[in-house]
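Below is one structure; the comments refer to it alone.
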């Protein structure tokens, strides 16, 4: 009986030792896993392409391209959630055309008119990022606003060769903006990650200049049509993230 009890105690001791060793190894592996890839403050840069959706795709013929930059920080020690902000710029197009202008000294002269339309986005976001290490899928919800601006630059050359150029912002509108995104970060090194995501942008109505209707008369008066539309877009992004 004593031998059986002794053997049982020995077996239980060995099993407990193995379990403790395995648990300690898992803990050490997890600690090493955490050390291999940083999970602190993050800076990201992306190139992006806007794909107009719904009403916006029927009104606007094009794909606004641009770039985005964001920063985020973990909420709490777990790192499951992050709080951040993102700024993005997209070009809705740039056109340059020859025009005739009236100059008091020279009469009717040749000039150039360049028109550019841009979108600027300002968003705050909350990110759910459940994994650490080199493979990090994540999900964002965000809200903010977007501005739509159109600038025109008119230039011509004086008799003495001097180039006269004037720039005017003749359209600016803003709308609320919100949505969600899904993304994936893949570790390239401890601090550097490949970062890809797709945003689903929703927005209210906005007024913007239809560049195809722009004309300028001899008195340098610019005439154009205004389009009114909601501003839903699908925005794929590719870039890199630095994590500290």
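Values quoted throughout were computed directly from the atomic coordinates according to the rules given, and no laboratory measurement underlies them. Predicted model only: the values in this text are computed from it and were never measured. Here the Cβ positions follow ideal geometry from the backbone for every residue, glycine too, while neighbour counts run over all protein chains shown.
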- Points 7 angstrom from Cα along the Cβ direction at residue 225 and residue 126: gap in nanometres? 4.3 nm
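Would you mind calculating the gained length between residue 167 and residue 143 on full extension (0.36 nm times residue separation, minus the Cα-Cα distance), in nm to one decimal? Spell out each step's value before the answer.
On the way: separation 24, 0.36 × 24 = 8.64 nm, distance 3.19 nm.
Stretched out fully, the residue 167 to residue 143 stretch lengthens by 5.4 nm.
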- Message: Once you place label points 7 Å from the Cα toward the Cβ at residue 238 and residue 98, how far apart are they in nm?
- Response: 3.9 nm
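So how do 163-170, 196-203 stack up, highest first, on mean other-Cβ count within 10 Å?
Ranked by mean Cβ neighbours within 10 Å, highest first: 196-203, 163-170.
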- Chain lengthening between residue 182 and residue 63 when straightened (0.36 nm per residue, less Cα-Cα): 40.8 nm
- Task: Quote to one decimal, in nm, the extra length available between residue 160 and residue 135 on full extension: 0.36 nm per residue of separation minus the C-alpha distance between them.
- Result: 2.7 nm
- Placing each pseudo-label 7 Å from Cα in the direction of the beta carbon, residue 196 and residue 77 end up separated by a distance in nanometres of 3.6 nm
